[in-house]
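I have placed the structure first, in the form of structure tokens, so that the comments after it can refer back to it.
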Amino acid sequence: MSRGKFITFEGGEGVGKSTNVAFVESYLQSKAIPVVVTREPGGTKLAEKLRALLLDKKSEAITEEAELLLMFAARSQHLKHVIEPALARGDWVICDRFTDATYAYQGGGRNMKISTIEGLENLIQGNLRPDLTLLLDAPVKVGMERAGKRGAFDRFESETLQFFEDVRRAYLLQAELNPKRITLIKASQPLAEVQQAIITVLSPLLR
Ligand code: Z5A
């Protein structure tokens, strides 16, 4: 039995990650590929509890260090209980955000040291990295307008425009540093074009 593929979706808020995770899930299912769809932070009972704490606007002020460690604590549970077992049994895993989000939000947005993030990445993940990351990129305002239509803001969504610009810049840097793994997709295009671009990138993995 060959190991499954690990695909992650990344990008700022409202760029279309959830929409396209669902699209890729149906696409792979139509090819009879077993798929596990999951998200970060979250994906297990404990990790979902950590997610609720991380997104809760009313909780006590969370320090930057605590935020970073909680992201990796959730990731550790997620890898051990969901992602690794799924890949080992040959399922493909599609994850809505993963460690590139930590580089973007905690690194770019919160200004945490990249070497600290790298150290935690190596500790929690060992050699495991996604096989493919689809970075949906759009101007911050486009994503905000799309996300804004949904109502109440969580702790991250309440951040400043500058924070999201810093996050976007950090994501673009991740793409530049990891050109083999990360494919940039212009998310401001009409959805049909975004999805055509996604299929083009996925096709080589299906062979
Ligand atoms: N976080 C972190 O700080 N560090 C970490 O390591 C990790 C996460 C893993 C989790 O939020 C928060 O955790 C996140 C970063 C932090 N905070 N923020 N911001 P999340 O991932 O659950 O939520 P989100 O980023 O805010 O996702 P979202 O707002 O749900 O956006 P989305 O999934 O990218 O978008 P969508 O729901 O698919 O689409 C939004 C709308 O746009 C919807 O109405 C679609 O129909 C529409 N749409 C989508 N594509 C198009 C196109 N191409 N054209 C027109 N309309 C479109």
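Its relative contact order, with pairs defined as Cα atoms under 8 Å and 6+ residues apart, puts segment 52-207 at 29 percent. Built from the Cα atoms of the chain, the convex hull projects on average onto 11.2 nm², one quarter of its surface area.
Relative to the compact-globule estimate of 2.2 N^0.38 Å, the Cα radius of gyration of segment 93-201 comes out at 1.12. I want the local charge near LEU205. Using Cβ-Cβ distances under 15 Å, sum +1 for each Lys or Arg and -1 for each Asp or Glu among the other residues. Charge balance near LEU205 sits at +4. About the centre of its Cα atoms, segment 13-60 shows a dipole size close to 80 debye [charges on the beta carbon of Lys, Arg (+1) and Asp, Glu (-1) only; nearest 20 debye]. Taking every DSSP bridge with both residues inside the chain, close to 0 percent are antiparallel.
What is the ratio of the Cα radius of gyration of segment 1-105 to 2.2 N^0.38 Å, with N the residue count, to two decimals?
The reported ratio for this selection is 1.13.
Rounded to the nearest Hz, the phi-derived 3J(HN,Hα) couplings of segment 160-165 under the Karplus curve 6.51 cos²θ - 1.76 cosθ + 1.60 (θ = phi - 60°) are 7, 4, 4, 4, 6, 5, where x marks glycine and proline. Judged by the mean number of other Cβ atoms found within 10 Å, the most tightly packed of the peptides 157-170, 49-62 leads the ranking 157-170, 49-62. For ARG39, the residues whose modelled amide H falls within less than 5 Å of its own, excluding neighbours fewer than 5 places apart on the same chain, are ASP96.
Each other residue within a Cβ distance under 10 Å of VAL93 adds +1 if Lys or Arg and -1 if Asp or Glu, for a net charge of -2. Computed from backbone phi, the HN-Hα couplings of segment 25-32 come to 4, 5, 4, 5, 4, 5, 9, 6 Hz, rounded to whole numbers (Karplus: 6.51 cos²θ - 1.76 cosθ + 1.60, θ = phi - 60°; Gly and Pro given as x).
Under 5 Å from the amide H of MET112 lie the amide H atoms of GLY107, each residue being 5 or more positions distant or on a separate chain, with H modelled from the backbone and absent for Pro and chain starts.
Coupling constants for segment 90-104 follow from the phi torsions by the Karplus curve (6.51 cos²θ - 1.76 cosθ + 1.60, θ = phi - 60°), and in residue order they are x, 6, 8, 10, 10, 10, 7, 6, 7, 5, 4, 5, 5, 4, 6 Hz; glycine and proline get x. The dipole here belongs to the chain: it is taken about the Cα centre, uses +1 on the Cβ of Lys and Arg and -1 on the Cβ of Asp and Glu, and is about 540 debye.
Okay, which of segment 46-60 sit inside 14 Å, backbone N to the point 7 Å along the Cα-Cβ direction of ALA152? Output list for this probe position: 52-53, 55-59. Taking 0.36 nm per residue of separation and subtracting the current Cα-Cα distance, fully stretching the chain between ALA192 and ALA88 would add 34.2 nm.
A short reminder: the numbers here are calculations on the coordinates, not readings from a lab. Everything numeric in this text was worked out from a predicted model, so none of it was measured. Don't worry about glycine lacking a Cβ; one is built from the backbone with ideal geometry, like all the others, and counts go over all protein chains shown.
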